[in-house]
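Step one of this worksheet: look at the structure below.
The values are calculated or read from the model by the stated rules, or taken from the named source; none is laboratory data. This one's a predicted model, so the numbers in the text were calculated from it and none came from an experiment. In this analysis, Cβ positions are derived from the backbone assuming ideal geometry, glycine residues included, and neighbour counts consider all displayed protein chains. Keep in mind that these areas ignore ligands, DNA and RNA; they rest on the heavy atoms of the full protein, side chains included. Shrake-Rupley method; radii C 1.70, N 1.55, O 1.52, S 1.80 Å.
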Amino acid sequence: MPVALIWLVAALVLASAEALTGDMFLLMLGGGALAASGSSWLMDWPVWADGVVFLIVSVLLLVLVRPALRRRINPAKSLPMGIKALEGKKALVLDRVVRDAGQVKIDGEVWSARPLNDGDVFEPGDSVTVVHIAGATAVVFKGE
(Lines give C-alpha, C1' and ligand atoms only; values in the text may rest on other atoms or scores of the structure.)
Protein backbone atom coordinates (compact mmCIF):
# COMPACT_ATOMS: atom_id res chain seq x y z
CA MET A 1 0.00 0.00 0.00
CA PRO A 2 1.51 3.37 -0.96
CA VAL A 3 2.44 5.74 1.85
CA ALA A 4 0.33 8.55 0.37
CA LEU A 5 -2.76 6.33 0.63
CA ILE A 6 -2.02 5.54 4.29
CA TRP A 7 -1.78 9.27 5.07
CA LEU A 8 -5.03 9.85 3.19
CA VAL A 9 -6.82 7.16 5.20
CA ALA A 10 -5.41 8.66 8.41
CA ALA A 11 -6.73 12.09 7.35
CA LEU A 12 -10.20 10.68 6.69
CA VAL A 13 -10.24 8.77 9.98
CA LEU A 14 -9.20 11.87 11.94
CA ALA A 15 -11.76 14.07 10.18
CA SER A 16 -14.47 11.48 10.84
CA ALA A 17 -13.50 11.18 14.50
CA GLU A 18 -13.84 14.96 14.78
CA ALA A 19 -17.58 14.54 14.32
CA LEU A 20 -17.64 12.81 17.72
CA THR A 21 -15.69 15.47 19.61
CA GLY A 22 -16.49 18.83 18.01
CA ASP A 23 -13.31 20.31 19.48
CA MET A 24 -11.60 21.02 16.12
CA PHE A 25 -8.42 19.31 17.35
CA LEU A 26 -8.69 16.11 15.34
CA LEU A 27 -9.76 18.07 12.27
CA MET A 28 -6.49 20.03 12.40
CA LEU A 29 -4.53 16.77 12.70
CA GLY A 30 -6.53 15.48 9.74
CA GLY A 31 -5.40 18.53 7.78
CA GLY A 32 -1.80 17.73 8.67
CA ALA A 33 -2.29 14.12 7.53
CA LEU A 34 -3.83 15.36 4.28
CA ALA A 35 -0.81 17.62 3.69
CA ALA A 36 1.51 14.69 4.41
CA SER A 37 -0.46 12.59 1.93
CA GLY A 38 -0.12 15.27 -0.74
CA SER A 39 3.60 15.73 -0.14
CA SER A 40 4.17 11.98 -0.21
CA TRP A 41 2.28 11.65 -3.49
CA LEU A 42 3.89 14.69 -5.18
CA MET A 43 7.45 14.55 -3.88
CA ASP A 44 8.06 10.86 -3.16
CA TRP A 45 9.94 11.82 0.00
CA PRO A 46 10.93 9.29 2.68
CA VAL A 47 8.37 8.51 5.38
CA TRP A 48 10.17 10.59 8.03
CA ALA A 49 9.89 13.68 5.79
CA ASP A 50 6.13 13.06 5.48
CA GLY A 51 6.02 12.90 9.27
CA VAL A 52 7.77 16.26 9.48
CA VAL A 53 5.24 17.74 7.01
CA PHE A 54 2.43 16.27 9.12
CA LEU A 55 3.91 17.76 12.30
CA ILE A 56 4.54 21.24 10.89
CA VAL A 57 1.17 21.57 9.16
CA SER A 58 -0.72 20.19 12.17
CA VAL A 59 0.99 22.61 14.57
CA LEU A 60 0.36 25.56 12.23
CA LEU A 61 -3.30 24.60 11.88
CA LEU A 62 -3.68 24.17 15.64
CA VAL A 63 -2.03 27.51 16.43
CA LEU A 64 -3.32 29.70 13.61
CA VAL A 65 -6.59 28.26 12.28
CA ARG A 66 -8.21 26.46 15.21
CA PRO A 67 -8.62 29.50 17.52
CA ALA A 68 -10.22 31.59 14.77
CA LEU A 69 -12.47 28.71 13.75
CA ARG A 70 -13.59 28.09 17.33
CA ARG A 71 -14.38 31.80 17.82
CA ARG A 72 -16.41 31.74 14.62
CA ILE A 73 -18.39 28.62 15.53
CA ASN A 74 -18.78 29.31 19.27
CA PRO A 75 -19.22 33.08 19.66
CA ALA A 76 -18.57 34.62 23.05
CA LYS A 77 -21.38 34.42 25.53
CA SER A 78 -23.61 37.44 25.43
CA LEU A 79 -23.77 39.83 28.33
CA PRO A 80 -26.50 39.18 30.88
CA MET A 81 -29.60 41.27 30.35
CA GLY A 82 -32.53 42.34 32.48
CA ILE A 83 -32.48 41.47 36.14
CA LYS A 84 -29.62 38.96 35.60
CA ALA A 85 -27.38 41.93 34.77
CA LEU A 86 -27.97 43.35 38.26
CA GLU A 87 -26.69 40.28 40.09
CA GLY A 88 -23.28 40.96 41.60
CA LYS A 89 -23.59 44.75 41.29
CA LYS A 90 -22.89 47.13 44.15
CA ALA A 91 -25.85 49.01 45.61
CA LEU A 92 -26.15 51.94 48.00
CA VAL A 93 -28.57 51.58 50.91
CA LEU A 94 -31.02 54.52 50.89
CA ASP A 95 -33.49 53.38 53.54
CA ARG A 96 -32.69 50.96 56.37
CA VAL A 97 -32.75 47.40 54.97
CA VAL A 98 -34.26 44.86 57.37
CA ARG A 99 -36.18 41.63 56.92
CA ASP A 100 -39.38 43.24 55.60
CA ALA A 101 -38.39 46.69 54.36
CA GLY A 102 -35.65 48.78 52.81
CA GLN A 103 -34.50 50.54 49.68
CA VAL A 104 -31.29 50.52 47.71
CA LYS A 105 -30.03 52.34 44.65
CA ILE A 106 -28.64 50.12 41.89
CA ASP A 107 -27.21 51.84 38.81
CA GLY A 108 -29.25 54.96 39.49
CA GLU A 109 -32.54 53.10 40.04
CA VAL A 110 -34.27 52.74 43.40
CA TRP A 111 -35.26 49.19 44.33
CA SER A 112 -37.00 47.72 47.34
CA ALA A 113 -34.58 45.46 49.16
CA ARG A 114 -34.24 42.81 51.80
CA PRO A 115 -31.14 41.18 53.28
CA LEU A 116 -30.02 37.71 52.24
CA ASN A 117 -29.91 36.66 55.90
CA ASP A 118 -33.01 37.59 57.90
CA GLY A 119 -30.99 38.83 60.89
CA ASP A 120 -28.86 41.29 58.91
CA VAL A 121 -29.57 45.02 59.08
CA PHE A 122 -28.02 47.55 56.69
CA GLU A 123 -28.05 51.24 57.47
CA PRO A 124 -28.37 54.13 54.96
CA GLY A 125 -25.04 54.82 53.27
CA ASP A 126 -23.86 51.19 53.48
CA SER A 127 -22.57 49.58 50.32
CA VAL A 128 -24.06 46.15 49.62
CA THR A 129 -23.92 43.60 46.81
CA VAL A 130 -26.99 42.37 44.96
CA VAL A 131 -27.19 38.59 45.27
CA HIS A 132 -30.31 38.17 43.14
CA ILE A 133 -33.63 39.77 42.33
CA ALA A 134 -36.75 38.17 43.82
CA GLY A 135 -39.74 39.68 42.03
CA ALA A 136 -39.29 43.42 42.41
CA THR A 137 -37.05 43.12 45.47
CA ALA A 138 -33.27 43.10 45.47
CA VAL A 139 -31.81 40.55 47.83
CA VAL A 140 -28.59 42.08 49.15
CA PHE A 141 -25.57 41.02 51.16
CA LYS A 142 -22.77 43.02 52.69
CA GLY A 143 -19.49 41.40 51.70
CA GLU A 144 -16.13 42.11 53.25
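Solvent-accessible area per residue for the chain at a 1.4 Å probe radius, Å²? List each step's numbers first, then the result.
Values: 9360 Å² over 144 residues.
I get 65 Å² per residue for this part.
Compute the helix-to-body angle for 3-21: its Cα long axis versus the longest principal axis of the chain, expressed 0 to 90° and rounded to tens.
Orientation of helix 3-21: about 20 degrees from the principal axis.
With only alpha-carbon atoms in the gyration tensor, what are the semi-axes of the equivalent ellipsoid for the chain, in Å, largest first? Don't skip to the end; give the middle numbers.
Values: eigenvalues 797, 31, 25 Å².
After scaling each eigenvalue by five and taking roots: 63, 12, 11 Å.
If you fit an axis through the alpha-carbon atoms of helix 47-60 and take the longest principal axis of the Cα set of the chain, what angle between them do you get, 0 to 90°, nearest 10?
Taking the Cα atoms of the chain, the angle to 47-60 is about 20 degrees.
Report the relative contact order of the chain, percent, no decimals, based on alpha-carbon pairs under 8 angstrom and at least 6 residues apart.
Numbers: 233 pairs, mean separation 22.4, N = 144.
Computed over the chain, the figure is 16 percent.
Looking at the chain, what % of its DSSP beta bridges pair antiparallel, to the nearest 5? Numbers along the way, then the final one.
On the way: 16 of 20 bridges.
Just about 80 percent of them are antiparallel.
Classify the stretch 1-69 from the C-alpha gyration tensor, please: rounded if a/c falls under 1.5, else prolate or oblate depending on whether a/b exceeds b/c. The partial results should precede the final answer.
Details: a/c = 3.14, a/b = 1.56, b/c = 2.02.
Judged from the Cα gyration tensor, the stretch 1-69 comes out oblate (a/c at least 1.5, b/c at or above a/b).
For the stretch 17-78 and the stretch 84-117, write down the distance between their C-alpha centroids in whole Å.
Rounded to whole Å, the Cα centres lie 53 Å apart.
Rounding to the nearest 20 debye, state how big the charge dipole of the chain is about its Cα centre with +1 on each Lys and Arg Cβ and -1 on each Asp and Glu Cβ.
Working: 13 positive and 14 negative charges, 50 e Å.
Once rounded to the nearest 20, the dipole reads 240 debye.
Work out the FRET efficiency for VAL52 and ALA17 from their Cβ-Cβ distance, taking R0 = 25 Å, and round it to the nearest 0.05.
Result of the calculation: an efficiency of 0.60.
In the stretch 83-141, what % of DSSP beta bridges are antiparallel (nearest 5)?
Working: 16 of 20 bridges.
Antiparallel: roughly 80 percent of the beta bridges in the stretch 83-141.
For Cα pairs less than 8 Å apart in space and 6+ apart in sequence, what is the mean separation divided by the residue count of the stretch 83-141, i.e. the relative contact order in percent? It would help to have the intermediate numbers written out before the result.
Values: 146 pairs, mean separation 22.2, N = 59.
Averaging sequence separation for qualifying contacts and normalising by length gives 38 percent for the stretch 83-141.
Quick one: pull the percent of accessible area on the chain belonging to carbon and sulfur, 1.4 Å probe, ligands and nucleic acids left out. Can you show the working numbers first?
On the way: 6110 of 9360 Å².
Carbon with sulfur: 65 percent of the solvent-accessible area.
Can you tell me the order of 71-80, 102-111, 29-38 when each peptide is scored by its average per-residue count of other Cβ atoms within 10 angstrom, highest first? Mind dumping the intermediate values first?
Numbers: 71-80: 8.1, 102-111: 15.9, 29-38: 22.2.
Per-residue Cβ counts within 10 Å, averaged per peptide and sorted highest first, yield 29-38, 102-111, 71-80.
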